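Comments concern the structure below.
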Ligand SMILES: *Cc1c(COP(=O)(O)O)cnc(C)c1O
């Protein structure tokens, strides 16, 4: 790797995060306590409804599905073009992920394809807000209503994005966010579940602490439960004060982050119009906070070759995502033509807060200089 390589994605931390973590370390209460409560309260305010903090976005998805009391063999519709975590959360809950195709325009779940996969065992749908765009959400809820399905939104990419004039997470059934190191805000590792369903909220807040009822309230008061009974399977999926302390600072800096991400995407969209072998997607509207910047390459381009070329010029790229129905664990007896046709041509370009305008220009110039007729 050349020096000063432009990273595909990264956290953006300041001395405020440093100080917040040091403060937790000095107080010597590292587990789930006051900082988690404060972060949770701030997130609840952000979404205008209750949020529950957990140890990762994957944990948020897993606990949300578990709260729906799915039985083995129950089915959850999910686009194949998503991070492995969406699929693993479904299988961890005991249910079966049913891989669905995506639309070429939005890279989100194709509801006609999903409708063809409905059975009596279909209990839920997990839309994925690919790159931060939740444009399909209205149809997802109409669809879920029609087939009486629960909706667990994988909103890992969509922190801060709007759908129409509504903030993603502020409405709908259950919405799950990730705060891992590269997401729109980070807390190191973490996630949250947002919902208005009191049963789901109680269930996930207990099951993140091994299923001990109301232990969260004890932890927030600096105590823990000593006398308790347990009625259901839980997990050690709570968030620590260290992570929450980072999250609180990141949330306060979010307006900066979102503005910058939108600016970078606008620059890419403008400048890439002169690169003939690249097509940009038009779902990067002003009302979304983009998590990744994805383009489609024309079929003459050898993607691996291009990626090597860019890396030799100090530019990392990514692939979002190897379709899950092509993994051994989730292989199925049907094909998903659009996913299989699109994925080999998708390429993700760098997108993070610390990119400068000259970085973007360097990336676009490098793409322009690539000669694919060899
Ligand atoms: C990041 C991500 C997750 C999982 O979140 P973690 O916090 O990394 O566990 C789930 N789904 C998608 C689409 C993601 O990008």
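The values are calculated or read from the model by the stated rules, or taken from the named source; none is laboratory data. What you see is a predicted model; the values in this text were computed from it and never measured. Neighbour counts are summed over all protein chains in view; Cβ atoms, including those assigned to glycine, are modelled from backbone coordinates with ideal geometry.
Can you name every residue in segment 194-226 that is assigned to a loop (DSSP other than H, G, I, E, B) and either in contact with a helix residue (DSSP H, G or I) (Cβ under 8 Å, 6 or more places away or on another chain) or closer than 25 Å to residue 46 by Cβ (or both)?
Correct list: 196, 197, 208, 213, 214, 221, 222, 224, 225.
State whether one or more residues within segment 125-132 are over 23 Å from residue 73 (Cβ atoms) and more than 16 Å from the ligand (Cβ to nearest atom).
Checked segment 125-132: no residue is over 23 Å from residue 73 (Cβ atoms) and more than 16 Å from the ligand (Cβ to nearest atom).
Which of (1) in contact (Cβ under 8 Å) with a residue 40 or more places away in the chain; (2) within 14 Å of residue 329 (Cα to Cα); (3) buried (at least 20 other Cβ atoms within 10 Å of the Cβ); (4) over 15 Å from the mean Cα position of the chain (by Cα) is the odd one out, the single condition residue 91 does not satisfy?
So the condition that residue 91 fails would be (3).
When segment 44-78 is examined, which residues are found to be within 12 Å of residue 195 (Cβ to Cβ) and within 15 Å of the ligand (Cβ to nearest atom)?
51, 52, 60, 63, 64 - these are the residues of segment 44-78 that are within 12 Å of residue 195 (Cβ to Cβ) and within 15 Å of the ligand (Cβ to nearest atom).
Are any of the residues in segment 153-160 closer than 14 Å to residue 63 by Cα and more than 10 Å from the ligand (Cβ to nearest atom)?
So far as segment 153-160 goes, yes, one or more of its residues are closer than 14 Å to residue 63 by Cα and more than 10 Å from the ligand (Cβ to nearest atom).
Among the residues of segment 287-310, how many are out of contact with any helix residue (DSSP H, G or I) (no Cβ under 7 Å at 6 or more places or on another chain) and within 30 Å of residue 251 (Cα to Cα)?
The qualifying residues number 1.
What number of residues in segment 164-186 are away from the ligand (no atom under 12 Å from the Cβ) and surrounded by fewer than 22 Cβ atoms within 10 Å (Cβ to Cβ)?
Result for segment 164-186: 7.
Does residue 124 count as in a helix (DSSP H, G or I) and either touching a strand residue (DSSP E or B) at 6+ places or on another chain (Cβ under 9 Å) or at pLDDT below 95 (or both)?
no
All but one of (1) closer than 24 Å to residue 323 by Cβ; (2) within 16 Å of the ligand (Cβ to nearest atom); (3) crowded, with 19+ Cβ neighbours inside 10 Å; (4) at pLDDT 95 or above hold for residue 143, so report the exception by its number.
(2)
Counting only residues that are more than 16 Å from the ligand (Cβ to nearest atom), assigned to a loop (DSSP other than H, G, I, E, B) and modelled with pLDDT of 95 or more, which one in segment 300-326 is surrounded by the fewest Cβ atoms within 10 Å (Cβ to Cβ)?
It comes out as 302.
Kindly list, by first and then second residue, each pair from a residue in segment 272-287 that is closer than 17 Å to residue 260 by Cα to a residue that is surrounded by fewer than 18 Cβ atoms within 10 Å (Cβ to Cβ) and at pLDDT below 95, limited to pairs with Cβ atoms under 9 Å and residues at least 6 apart or on different chains.
Matching pairs, first to second residue: 287/164; 287/165.
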